[in-house]
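Reading through the structure tokens given below for one structure.
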């Protein structure tokens, strides 16, 4: 079972903080994303306190869950942000986040996005190619700005995670090969509208061992020493994100062990340390609440057909990812081996395979560990409105995103004359 700070049974009933999930379903219907303010706050503070007195900035990876209520809560706690699009920058600003605590990652930043970020005075651009650096230098020059830059280097370290979320191998599209980075930093005089301020690395997501992090950090520190010996003033070291969470039987390092190991590896360097956690901040702070529409029994397999689908939670279909699935009310019904599937017309539309459940038609299920890459990757496939999102704060439930309507989905479409 996945770890959770705020979701648990009281007797036979599953709660979010002090609110029964049954009550949330009755009021807001399903599918419904449910988040815990307490869980989100607790994990952020674990990260923050683990750094102790070392100068640091936690830049939450907005792509994991970009709801502005979540961004606002983190901003109020002091968080910075890691963005990968102009739209995410708009979200950060709308949520009250500080652009001066925001780093802009991603391999394909457009000129318009660069201009927007320059005008907002963001902390740093994490540049991922030499051609991007040339474009950013030209864009900054046109509007009379100096762009603060950190090169994202690719250290060729195996993150030992799913290939779709591995980013630190030389065959991945991300980052600048570490062997080329020194030359580019030395060419600073060729970029009059660029100021090199940092050094960045991110090797992947859902890492469950410390070794890949430490291997990448060691390579980054060796490069930092070379750059300092050349007289380059690097003010921060961005060690990326990627710390995994427990979905089933994984045993990722604790937040404290992860941060302590990074700080120990960095030793007594004077640079500020940045990290970019996403999944590890919000993953276990949320779940997807869904209702059973039908039970379908066949000679070969038994199916639980629910009202949530791959358009609501893409991870199982995309990565064959595992999410724990729990009954909201434990029943004495005999358990059977079920395939938990949605109504979308794809054989890949499943939320879980081979789950032992004792359930009946109309029962509620909670798909756990859905706070990261759930709503942010959702779609309107099959013209399905996206789910409502709510945040539980002790005994109060706040709607942080209304359920979409069919009219809203069709509003921007037009029939030919």
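The values are calculated or read from the model by the stated rules, or taken from the named source; none is laboratory data. Keep in mind that what you see is a predicted model, and the values were worked out from it rather than measured. Here Cβ is always computed from backbone atoms with ideal geometry, including for glycine, and neighbour counts include all displayed protein chains.
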Candidate set: the stretch 148-174, residues that are in contact with a strand residue (DSSP E or B) (Cβ under 6 Å, 6 or more places away or on another chain) and modelled with pLDDT of 80 or more; chosen: the one surrounded by the fewest Cβ atoms within 10 Å (Cβ to Cβ): 148
Do we have residue 44 as in a helix (DSSP H, G or I), in contact with a helix residue (DSSP H, G or I) (Cβ under 9 Å, 6 or more places away or on another chain) and not assigned by TED's automatic domain parsing to the domain that holds residue 238 here? yes
Report, by residue number, each residue of the stretch 277-296 that is surrounded by fewer than 22 Cβ atoms within 10 Å (Cβ to Cβ) and touching a helix residue (DSSP H, G or I) at 6+ places or on another chain (Cβ under 7 Å). 291
Yes or no: residue 381 under 18 Å from residue 290 (Cβ atoms), buried (at least 18 other Cβ atoms within 10 Å of the Cβ) and assigned by TED's automatic domain parsing to the domain that holds residue 323? no
Being at pLDDT below 95 and either surrounded by fewer than 23 Cβ atoms within 10 Å (Cβ to Cβ) or more than 24 Å from residue 198 (Cβ to Cβ) (or both) narrows 27, 52, 63 down to just 52
